[in-house]
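Working notes, beginning with the structure itself.
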Amino acid sequence: MRVNIRNSVLELTEGDITEMETEAVVNAANDRLVLGGGVAGAIRKKGGPEIQEQCDKIGGTFVGGAVITTAGNLKAKYVIHAVGPRMGEGNEDQKLKNATLNSLKLADEKGIKSIAFPAVSAGIFGFPIKRCAEIMLQTTIDYLNGQTGLELVSFCLFGRDSYEVFENQLKQETSR
């Protein structure tokens, strides 16, 4: 599914984020930037040790924050490591909004034209997928309605169920 928002395209795809050909892919990171399981593990496995080495040099960031590294052997040039909240830690909605917004701002600061997000925090961190879709899509739409150099924001969802949740939410957001 693709929708135009001002001068940008917002799209949903079902698949493997490590195969995306956007300039940047977003890693659903932890605050220590240790690439363990889930999306981070897949990025580490396909991207190679260079990504973890750069994360180790950065050392970490706050929940809601985002940092950037090379993408190693991935098709993308960069990995933006967005630290989403763990369910139950408190103020999760605001933290997920901040992780999304800080990733978009960082992409703009670096002159990146295309970025792909996973459903941040909706896997191992236990964030409900529907709330994740609501927050991430609304934050992205609001951002794209402002001044941005981003031409494409893609949400690469793993599995049909996650894709359908995001698709239903995007239809709701764009029918208002």
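Every number in this text was worked out from the coordinates using simple rules, so none of it is lab data. For clarity, every value in this text was computed on a predicted model and none was experimentally measured.
Overview of results
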| quantity | calculated |
| --- | --- |
| Angle between the chain longest axis and helix 160-174 axis [Cα atoms, degrees, rounded to 10] | 50 degrees |
| With Cα atoms, 0 to 90° folded angle of helix 129-144 axis to the chain main axis | 80 degrees |
| Placed amide H near Ile68: partners under 5 Å, 5+ positions off or other chain | His81 |
| Overall form of region 2-174 per C-alpha gyration tensor (a/c, 1.5; a/b vs b/c) | rounded |
| Contact order normalised by residue count of the chain, Cα under 8 Å, 6+ apart, percent | 29 percent |
| The chain: angle of helix 38-47 to the longest principal axis, Cα-based, in degrees nearest 10 | 60 degrees |
| In region 2-174, lysine pairs with alpha-carbon atoms under 18 angstrom apart (chain gap of 8 or more, or interchain) | 15 |
| For region 92-176: rounded, prolate or oblate by the Cα gyration tensor [a/c cutoff 1.5] | prolate |
